[in-house]
Amino acid sequence: MIFRTPKLSSPIFKLTLKIILFVSIVSVFIGMILYTNILIKHLIDREKTIMQSYVQIYHFYLSPDANNYEEMFFFLESITPSIAFPIVTTDINGEPLQDYSLYTLNTDVEKYKTQEEQREYLLNLIKDMEKSYKPILVYDHEGNVISKFYYSHSNLIEMLKYFPFISLILISAIIGIGYFALAAERNNEQSKIWIGMARETAHQLGTPLSSLLAWLEILKTNKDDPSMIDYAANEIENDLNRLNTIAIRFSKIGSLPDKKMIDIDKTIEEVTSYYEKRLPHISNKVTISKSFSGRTQIYANNMLMTWVFENLIKNAAEAMEGQNGQIDISTHELSSKKLLILVKDTGKGMTKKMRFQIFEPGFTTKKRGWGIGLNLVKRIIEEYHNGKVYVKESTLKKGTTFAIELPYDSKKQPNTNNK
C-alpha cells in the first residue's frame, strides 16, 4: 500500500548507499592523488629544466673563454622571473658565496641581519634542500668542481601535495552537511506524514460518526414514521459500511493491495452519492455534477481510488469556505492509453506559490488543516498507479481544477452500447 516502508528506507538499501558513497569518495580521493602527482611531476620536471638552464648560463660565462659578465647577468635576469623555487650557490665546500643577495634566489634572506646570521640561515636551508634534490655541480674546463647549486621545489608543489587531503576534508564536510540536512528534512517530512495520518484518521471517522449521530436524532424525532425509519436505517447502514471500509483501509497500511480491472465511473458514483447527503456538514450548499466518457475500465485498486476522490471532494468542498458552490467531476479519453479525470470546484482558488506546494505533506491553506489529503492523493496516483496528478488551473476567488491522468487500454474497454 502507499504507506508501506519504501525500499529507499530499507536497511539493506541504506547500507548499500553508504558503501557506494564511501567507495565513491575513496575513488575520487585516489583519483585526485594520482592526478595531483602527475601535475607535481610535470612541475618538478619543468623546474629542473629551468634550473639546468640557469646553471648552464653560469657555467658558460664563468669559462675562460667568456668574460662578458654583463651578458651573463642579462640572461640571468631574463630567466629569473620564471623561477619560483629557492636557489643557493656555494663553493666546492658547500659554503654560500658572498654577496648572498647576488648568489641566492627566492631564499627570503633577511638583509637586516648580520652576515653570520645570514650564513647560518643559508646553511640550514642547504641541509633542507639536500633532502629533496642533489646539488648541481659546475665544472671547469679541466673537470674540477668549482661551485654547487642547491635548490628545492617551489611552494606551489608543496601546496599541491596537500591539495587532495584538503579537498577530501572539504568534500567530506559538504557531504556530511548535505547528509544531515537531508536526514533532518526526511525526518521532518515523516513527522508531518505521521501527524497528518493521525489527523486524517480522526477526520475519516468524523464524517460517518457525525452522520450516525444525525440519523439517530432523526430516528428519535420520527419514531412513529415507518418510511423515515427505513430511510434512516439505510443511511445508518451506509455509514456503518463506511466505518468498516475505513477500518479495513487503515488495517492494510504497510501491505501491498491488489489491483484489478475496475469501473472508475462506478467508483466515482459511489463516492459522490455518499457525500452528496453529507456535504452540508462540511460546507453550505454544494452540488456535484458528473460527466463520464463511458470508456473507463482501468487497472487499479478500488479502495485506494475511492480514497483519492474522497479527499478531492472534501478538499473542493472545504475550498468553498461555507459558501454555496459547485463540484464538477468528468472523465475523458485523453488518448488510447491514457484516461483524464477532472475535478473542478468553484472555491477560493490558489496562488501560483500554493500550486507548487499543495501536494507537500503538512502544507495546508486551512486554519485547522492537517495537510495530508492531497499528499495521499499524489502518492496513490503516482507511486501506485503510475499516473499523474496536478493542478490544471486555478484562479483566486473563482476555483481550482485538479487533473488526474491514469494509464488504461482503450482496446480493452467494454462495449458502451451494452453498458
Review point. Before we move on, is GLU333 among the acidic types (Asp, Glu), surrounded by fewer than 22 Cβ atoms within 10 Å (Cβ to Cβ) and in a loop (DSSP other than H, G, I, E, B)?
Key: no
Review point. Within the stretch 80-101, how many residues turn out to be surrounded by 11 or more Cβ atoms within 10 Å (Cβ to Cβ) and assigned to a loop (DSSP other than H, G, I, E, B)?
Key: 12
Point to revise | Failed item, numbered, when LYS134 is tested on (1) charged (D, E, K, R); (2) under 60 Å from the mean Cα position of the chain (by Cα); (3) farther than 30 Å from ILE38 by Cα; (4) surrounded by fewer than 12 Cβ atoms within 10 Å (Cβ to Cβ) | key: (3)
Review point. In this structure, is ILE136 touching a Phe, Trp or Tyr at 6+ places or on another chain (Cβ under 8 Å) and aliphatic (A, V, I, L, M)?
Key: yes
Study note, to complete from the structure: Of (1) modelled with pLDDT under 85; (2) of a type in the set (D, E, K, R); (3) surrounded by 10 or more Cβ atoms within 10 Å (Cβ to Cβ), LYS41 satisfies every one except (1)
Check your understanding: For the stretch 226-237, how many residues are out of contact with any helix residue (DSSP H, G or I) (no Cβ under 9 Å at 6 or more places or on another chain) and either β-branched (Val, Ile, Thr) or not in a helix (DSSP H, G or I) (or both)?
Key -> 0
Review point. Just one of GLU142, GLU130, GLU110 is of a type outside the set (A, V, I, L, M, F, W, C) and either assigned to a helix (DSSP H, G or I) or closer than 24 Å to ILE44 by Cβ (or both); which is it?
Key: GLU130
Check your understanding: Among the residues of the stretch 366-381, is there at least one that is part of a strand (DSSP E or B), within 27 Å of ASN302 (Cα to Cα), touching a strand residue (DSSP E or B) at 6+ places or on another chain (Cβ under 9 Å) and at pLDDT 90 or above?
Key -> no
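The values are calculated or read from the model by the stated rules, or taken from the named source; none is laboratory data. What you are looking at is a predicted structure, and each value in this text was computed from that prediction instead of being measured. Methodologically, a virtual Cβ is constructed for each residue, glycine included, from the backbone with ideal geometry; neighbour enumeration extends over all protein chains shown.
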